[in-house]
1. Enter the angle in degrees (range 0 to 90, nearest 10) between the Cα long axis of helix 34-45 and the first principal axis of the Cα atoms of the chain, meaning the one along which they spread out most.
2. Can you count the Lys pairs in the chain with C-alpha separation below 20 Å, eight or more apart or on different chains?
3. Per q in 0.15, 0.18, 0.19, 0.30 1/Å, what log10 I(q)/I(0) does a Debye calculation on the alpha-carbon atoms of the range 21-69 return?
4. Taking only the alpha-carbon positions of the chain and ignoring solvent, what does the Debye formula give for the base-10 log of I(q)/I(0) at q = 0.14, 0.19, 0.21 Å⁻¹?
5. Would you be so kind as to identify which of THR80, LEU21, THR32 lies farthest towards the positive end of the dipole of the chain, taking Lys and Arg as +1 and Asp and Glu as -1 on Cβ and the Cα centre as origin?
6. When only Cα pairs under 8 Å and 6 or more residues apart are kept, what is the percent relative contact order across the range 21-99?
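Rule-based calculations on the coordinates, nothing more; no lab input. Just so we're clear, the structure is a prediction, and the values are computed from it rather than from any experiment. No Cβ is skipped: glycine too gets one built from the backbone with ideal geometry, and neighbour counts run over all protein chains shown.
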Amino acid sequence: MADTTATPKTKVKTKTERPRLHKVILINDDYTPREFVVTVLKAEFRMTEDQAHKVMITAHRRGVCVVAVFTRDVAETKATRATDAGRAKGYPLLFTTEPEE
């Protein structure tokens, strides 16, 4: 005869963790024209003229500035594309990423 004892079914709830966010950081240099930095910020990060100018000035005065915060893949893609835009014009423009604390 078959064993008919019922085993209780347990429901496993999986908690989905939010992905860690990463900061995109603009690093100031003394060679890339300010207007070009503003253009890249507007194009890649969809900033207004005023927002892009404020970010550029902050990076100029402090040496670095957090541009935006995204998931890791998006942050790395945007940083790479923005850096490549500068390199294509012969400028040492540099954007990096780092995990948000």
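1. Between helix and principal axis, roughly 20 degrees.
2. 8
3. Debye intensities relative to I(0), on a log10 scale: -0.32, -0.47, -0.52, -1.24.
4. Values, matching the q order: -0.55, -0.87, -1.03.
5. Comparing the listed Cα positions along the dipole, LEU21 ranks first.
6. Once normalised by length, the contact order is 50 percent.
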